[in-house]
């Protein structure tokens, strides 16, 4: 459903919507913070009686409605005949309907949003109402500890810049609102909300000037003046247990500070951290954690902004499940891939795979997640993301700015990787349908390009069934080096899905690697016979001003192997 406008709000308040339209609108209010705010503001604008504002006591209204409700919920929502309703002074009537008369119009949305928080009995009643007509109840979906403020928390996030996993967790009441502030040098660093589940941490905050305007230095500094040598001059972020012990991942990297991802979120910032490699059976996830945030500099302003952010893991831990799958399938080139387990958490669902080292090279998967009705819950096609720059990725419910790949502690014995999707219920029956496996293949491609000829016309080349056309776009001098920018187009051989552009090499006419080649490719189309058409750019960089000829090559291609495997996902009962 699209967001609400004045026409829809008027129809809602005038009881001119069908039962199904009411249900859809009420559910939309439960999941859209901006519309809920718009609804409340609209009602505030109507909420004037003889120039005086009435006080709205939610508990009293709930109790009053409960006393008048009949035993059978559907009677409450009996549609009123528009011809019999009084049309004069409709604004005053709308407010009266909501506050004093019946739940049939806007009252249900208001009570669902506010009343269920103060009346468990009413929450059960509304749930029964939805069940009676065979649709899902928003009340039954909101079970988190912060459900009573879920819409207000959702409204803190910028929906365009927040992944759907965080928004789903916030909607279900698993994002905790906070009010932590530190002020120095006229700047205030504030933490407003935190998501914490076994998959990750996500901390929402802002930096505000004295005049109330927001500034983006905490995020922007990392792209302008922060690097690996000075990051600790700007900020330190540590994860601790409640006893103050600093927790580190199984693999300890020198750039630990950069593992905390700072992202822009509208006028706010979002600090994210994958927790996958912090905890396991030997190192269980604690019930309580602390994120120690120490900001020392914002842009050119030095100061002290210290915040200790308390993290209560218990609600999300209780709502998270890990289901063992342990299904192995044999692939091409002696590759053995196993789906080990599925992890269900409020902010996402993770699929944990492992690959046996006996296999020759890395495998890439293409699979779909299908429920029992055949609905596509999500899909993974890693090949498009890894090997095609700027390729439009379909809306497949993958959380790309969440964790997607993990090199686990037992990397030398097995390879593990993790795919993260928006939340799927652990009780939901689903099947993973594996459509294709991709493997790395050796390439014998080599072609000589005479640069004088290339300046006059494109040059074609073919190898391993792959067809290429090289065209010189421009030749320029950059910092004393000669850069030849080329356009590359072509069609790959049957069953070849991509070429590995990082393996492009270029040598001069003497066979010396005196030049470098940088490439990026995009998929244009797929022909009827399955062959991939592509285009891209190639930059050849040389220190020699009199370069006459280059020999281009690349070492690896990605081959597609069609398969038809299905793995039923075990359900928690």
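No value in this document is a laboratory result; all are computed from the given coordinates. Just so we're clear, the structure is a prediction, and the values are computed from it rather than from any experiment. Every residue, glycine among them, receives a Cβ derived from its backbone with ideal geometry; neighbour counts consider all protein chains shown.
Could you calculate the FRET efficiency of residue 553 with residue 533 from 1/(1 + (r/R0)^6), where r is the beta carbon distance between them and R0 is 22 Å, rounded to 0.05?
With R0 = 22 Å, the Cβ-Cβ based efficiency is 0.55.
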Item checked: Average projected area [Cα convex hull, the range 444-554], square nanometres -> 6.7 nm²
Note to self: Quick check: pseudo-label points 7 Å beyond the Cα along Cα→Cβ at residue 228 and residue 188, how many nm apart are they?
What the structure shows: 3.9 nm
Next item on the list: Give the order of 371, 274, 227 when sorted by the count of other beta carbons within 10 angstrom, beginning with the fewest.
Entry: 227, 371, 274
Checklist line | Relative contact order of the range 442-482, defined on C-alpha pairs under 8 angstrom at six or more residues apart (%) | finding: 31 percent
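Would the range 201-288 count as rounded, prolate or oblate if I go by the C-alpha gyration tensor, calling it rounded below 1.5 in a/c and otherwise prolate when a/b exceeds b/c, oblate otherwise?
It comes out prolate by the Cα gyration axes.
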Next item on the list: Work out the FRET efficiency for residue 368 and residue 477 from their Cβ-Cβ distance, taking R0 = 51 Å, and round it to the nearest 0.05.
Entry: 0.55
Next item on the list: With a point put 7 Å past each Cα toward its Cβ, work out how far residue 215 is from residue 510 in nm, to one decimal.
Entry: 5.5 nm
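Just rank 432, 8, fewest to most, by other beta-carbon atoms within 10 angstrom.
Lowest to highest Cβ neighbour count: 8, 432.
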Next item on the list: Classify the range 156-249 as rounded, prolate or oblate, taking a ≥ b ≥ c as the square roots of the eigenvalues of its Cα gyration tensor: rounded when a/c is under 1.5, otherwise prolate if a/b is larger than b/c and oblate if not.
Entry: oblate
Notebook entry, point to check: Expressed as a whole number of Å, what is the distance separating the alpha-carbon centroids of the range 467-530 and the range 287-315?
Noted result: 46 Å
Next item on the list: Between residue 460 and residue 376, with labels modelled 7 Å along Cα→Cβ, what's the label distance in nm to one decimal, could you check?
Entry: 3.5 nm
Note to self: For a protection proxy built on the mean count of beta-carbon atoms within 10 angstrom, sort 209-218, 235-244 highest first, please.
What the structure shows: 235-244, 209-218
Notebook entry, point to check: From the square roots a ≥ b ≥ c of the eigenvalues of the alpha-carbon gyration tensor of the range 149-316, which class results: rounded (a/c under 1.5), prolate (a/b over b/c), or oblate?
Noted result: oblate
Margin query: Between residue 285 and residue 261, how high is the FRET efficiency from 1/(1 + (r/R0)^6) when r is the Cβ-Cβ distance and R₀ = 25 Å? Nearest 0.05.
Written below: 0.80
Item checked: the range 444-554, relative contact order [Cα under 8 Å, separation at least 6], % -> 32 percent
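Would you mind ranking 35, 3 by Cβ crowding within 10 Å, fewest neighbours first?
Ascending Cβ contact count within 10 Å gives the list 3, 35.
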